[in-house]
Amino acid sequence: MRFRRQPQSTIDQVRISRDGSRDGEYALIEHADPAYGSVNLKLGPEIANLTDREILDVFNDIIVAQEASIADPANRPIEIPKKGDHRSNGWKIYSNGQCAVMY
């Protein structure tokens, strides 16, 4: 089963624990709804000084930034053809890696 992406959450919707097995730099965020997967969020050594609410605020800020990036039309994926196909189907690949359709 594929888990859904976690939405912005409130403190009563998640369980936050610190993962001491990885240098103590990770927060494990588990959503109460089993349809969402868990997230291992690396925050570094300052995690020891953060409250659960502060960790959740960082996580929610990341969710907001991801949603903004997805909504931005400039971030749409461009399908790049296999090497060699660009001559036969009108693709031109520039030395900087950008592609264009040639008609």
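A few comments on the model shown:
- Approximating the spin labels as points 7 Å out from Cα along Cα→Cβ, the residue 79-to-residue 42 distance works out to 3.4 nm.
- Packing-based order for 55-62, 70-77, using average beta carbon neighbours within 10 Å, highest first: 55-62, 70-77
FYI, it's all coordinate maths here, none of it is from the lab. What you see is a predicted model; the values in this text were computed from it and never measured. Cβ sites come from the backbone with ideal geometry, for glycine too, and all protein chains shown count toward neighbours.
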